[in-house]
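The values are calculated or read from the model by the stated rules, or taken from the named source; none is laboratory data. Please read these numbers as outputs of a predicted model, since none were measured by experiment. Please note: Cβ atoms are built from the backbone with ideal geometry, for glycine as well, and neighbour counts cover all protein chains shown. The protein model used for the area step is the full one, side chains on, heavy atoms only, and it has no ligands, DNA or RNA in it. Shrake-Rupley method; radii C 1.70, N 1.55, O 1.52, S 1.80 Å.
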Amino acid sequence: NVMAQMQRGIDNSAIVVVFITQRYIEKVANGQGVDNCELEFLYAARKKGSKKMVAAVNEPRVRNPKTWFGHVDFVLGGELALPMWSDDDSSQIDRLIDEIIARL
């Protein structure tokens, strides 16, 4: 059961890393409660809160949280958004790790 696995994964995690793309924002904003991205995001937000969620931005076109909308904007729009779209920049991974550790 996919939903049970998503729930268990969130429940057993200290931090939730949310990989942000335009499509992800759209799927979470769906509002119909049928998309796994939406369900997982809403559950993580309810159980962990924004301070235990890290926004890792995977596309330059959504690098500015002011362009986000829906639930992603509501929950993570005021949080630090870490750029993660460059394949050749290992410092992005280091910064993500540092942010995860800081939120533990």
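A compact table of results
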quantity	calculated
For the chain, Kirkwood radius (reciprocal of mean inverse C-alpha pair distance, Å)	14.0 Å
Estimated dipole of the chain in Debye, rounded to 20 [Cβ of Lys and Arg +1, of Asp and Glu -1, Cα centre]	420 debye
Whole-number percent relative contact order across the chain, with pairs defined as alpha carbons under 8 Å at least 6 apart	28 percent
Sulfur and carbon atoms: percent of accessible area, the chain [1.4 Å]	50 percent
Helix-only CD estimate at 222 nm, as mean residue ellipticity for the chain, using -39500 (n - 2.57) per DSSP H run (n ≥ 4)	-14500 deg cm²/dmol
Sites GLU59 and MET3 - FRET efficiency at Förster radius 25 Å, r taken between beta-carbons, to 0.05	0.40
ARG95 paired with ARG23, simple spin-label distance in nm, labels 7 Å along Cα-to-beta-carbon	2.4 nm
Extension gain, ILE15 back to ASN36 (0.36 nm per residue minus Cα-Cα distance, nm)	5.7 nm
Among 93-102, 16-25, 64-73, the order from most to least packed when residues are scored by Cβ within 10 Å on average	16-25, 64-73, 93-102
Accessible area expressed per residue, the chain, with surrounding protein chains retained (probe 1.4 Å, Å²)	59 Å²
